[in-house]
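Coordinate-derived values only; no laboratory data. Everything numeric here is computed off the predicted structure, so don't read it as measured data. Glycine gets a Cβ as well: all are built from the backbone with ideal geometry, and neighbour counts include every protein chain shown.
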Amino acid sequence: MAQHVHYLVRAPGHKPLVTQLYFATDQVFEGNPEKNFHRDPLVPSMDVVRPVLLTGDQAVRVSVVFDLCLELA
């Protein structure tokens, strides 16, 4: 399973956005994201750490909500 996901988002009339989403299971957090989120300099706050919902009967599927806002060009 991915530990974090990198995004490059583009839309006409908007500036491109490069960002990433961290899962609480990322090894950098050593099992405690609330205590260790600052260990990665790219994680400015717990706001970028999302809970993961595992779903699926035979295959594991992951669901997470991550809102993006793009700046007008």
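Shown here are the Rg and Dmax of the Cα trace of the chain, at 14.3, 44 Å. Any idea which of 14, 66, 49 is furthest toward the positive side of the dipole for the chain, if Lys and Arg beta-carbons carry +1 and Asp and Glu beta-carbons -1? Positive-most Cα among the choices belongs to 14. When the Gaussian network model of the chain links Cα atoms closer than 10 Å, the mean-square fluctuations of 28, 48, 18 top out at 18. For the pair residue 14 and residue 38, a Förster radius of 22 Å applied to the C-beta separation gives a FRET efficiency near 0.15, rounded to the nearest 0.05. Nothing charged except the Cβ atoms of Lys and Arg (+1) and of Asp and Glu (-1): what's the magnitude of the dipole of region 4-63 about its Cα centre? Round to the nearest 20 debye. About 260 debye.
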